[in-house]
Amino acid sequence: SLLLSPRLGANQPPPTPAWRPARPPPPIQRPTAGGQNPPASEGGVDFLRVVGSPEEELQQVARQAIAAAQAFPGQTVAILVTTNELGGKALSYLQEMGAERVIDLLRGSPSQRRVLLQLKGIIDWFAQPTAPTRLAAAVDCLADWAGIPRAELGPMLTWIRASLPERLLFPNFGEAPALPDGPPWQNLGRLLRTLAGWLRAGRSPWPEVLNVIVQSLYRKPEELFVGRYVIDQLEQVLGSLPEIDWQEIAQEFQVILDHRLNNLPSEIFAFDPEPGSITVTTLHRAKGLEWDQVFIPQVSAYEFPTQYGERTLGLKFLDEVDMQAEALAQLRQLSPKGGWELQADSATKQAFLDLAAERLRLLYVGITRSKRRLTLSVSSQSRFGTEQSSSLVFRVLSRSFRAG
């Protein structure tokens, strides 16, 4: 919808017809929570062109984000990127530059990570229940849930590592383990009894065991959602057979942590960034969230294309044909025709349209995450070391705001 600006020059190629909306878009101006737009000194849209590589652009964005957080300590700042890889670089630059409060939202919200790490600690312990270090790690993950103060946790973990897990969890003749006095140690005793109960249930099919654990640990719908998501992902790969070894489950859980968390929505968690902090996340995960100041780097023609030539999907030695898209299209049609001649409605062109439309939707999401100030940036060089141009969206918006 951003491509319909009346200030688009006549010498510019027309945008792809598939993206034309039915009516002109409203102006980009939204009232803040108090019902008033921010002062002109605090609000606006900036366009940053960096002569250099994407890394140099990202470094400059990181510096500006730190300056914004320092200049407006009562506001929130975010850097929204296209990929986790780019976000990881932004986090590294912020750390190198001494940013004080940085929130990593690339792999989920802090609440999501807490749930996942707790379940990981329990599953890893189930895989080796006689290992004192595994039991200590499980207690460490669940200390907050059990009401054990972090200041008191160190001596407890040392005591667990020096003990036999079976003696702590299943004392002879029902005798409780000899715990030191004090409320924190009493909480540890209750946690050990809970862990022992879960371990006894380990003879049941593993999905039932994990369901019991999730129901015991969590009450909030969003926490139960994450627990159920993990169990579903594990069942898709391992099935629900009771003979599945807990070591296999632990290994597959690690794969989920590393590669299959992109479908977890950030908006199901009540994420509330702290004033003065800088959040780094992807445009996809930013949906449903808001910050006072937002930076979106790499608004290039390659990352946000509007014309087919700006980002061809095929391979050059195959005449830039998207083999996967074309093969799937031909299989669907069961067509006996050979050759890869591109037509106006070819699968390769359609694959580009789908990608470009999705990227523009993501950019729209990112633009509308800002409550006060938005900064769009682009570098003169691509990540391939060649010269690149800014996206048509970047150019249209830049001219529109300059003219306004």
Quiz item: Taking Cα pairs under 8 Å and at least six residues apart, what relative contact order does the stretch 110-266 come out at, in percent?
Solution: 27 percent
Quiz item: For Arg399 and Glu55, what is the calculated FRET efficiency with R₀ set at 22 Å and r taken between the beta-carbons, to the nearest 0.05?
Solution: 0.20
Quiz item: Quick one: which of Lys89/Lys220; Lys89/Lys120; Lys220/Lys371 span more than 31 angstrom between C-alpha atoms?
Solution: Lys89/Lys220
Self-check item: Size of charge dipole - the stretch 110-266 - debye, nearest 20, with Cβ of Lys, Arg +1 and Asp, Glu -1, no other charges
Solution: 360 debye
Quiz item: Just in the stretch 132-185: which GluC sites (Glu not before Pro) are loop by DSSP and have at most 13 other Cβ atoms within 10 Å?
Solution: Glu175
Practice problem: Note down the nm distance, to one decimal, between modelled labels 7 Å out along Cα→Cβ at Thr130 and at Glu85. | Solution: 4.5 nm
Practice problem: Treat each spin label as a single point 7 Å out from the Cα along the C-beta direction, and report the Ala71 to Arg113 distance in nm. | Solution: 2.8 nm
Quiz item: Peptides 126-132, 275-281, 86-92: what's the order by average Cβ count within 10 Å, highest mean first?
Solution: 275-281, 86-92, 126-132
Quiz item: Which order, highest average first, do 358-370, 44-56, 64-76 follow once you tally other Cβ atoms within 10 Å for each residue and take the mean per peptide?
Solution: 358-370, 64-76, 44-56
Exercise. Arrange the peptides 182-188, 282-288 so that the one whose residues have, on average, the most other Cβ atoms within 10 Å appears first.
Key: 282-288, 182-188
Practice problem: Find which of Thr194, Pro149, Tyr218 sits farthest along the positive direction of the dipole of the stretch 110-266, computed with +1 on the beta-carbon of Lys and Arg, -1 on that of Asp and Glu, about the Cα centre. | Solution: Pro149
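Here, each number is a calculation from the coordinates, and none is a lab measurement. Remember, it's a predicted structure, so these values are computed and weren't measured experimentally. Please note: Cβ atoms are built from the backbone with ideal geometry, for glycine as well, and neighbour counts cover all protein chains shown.
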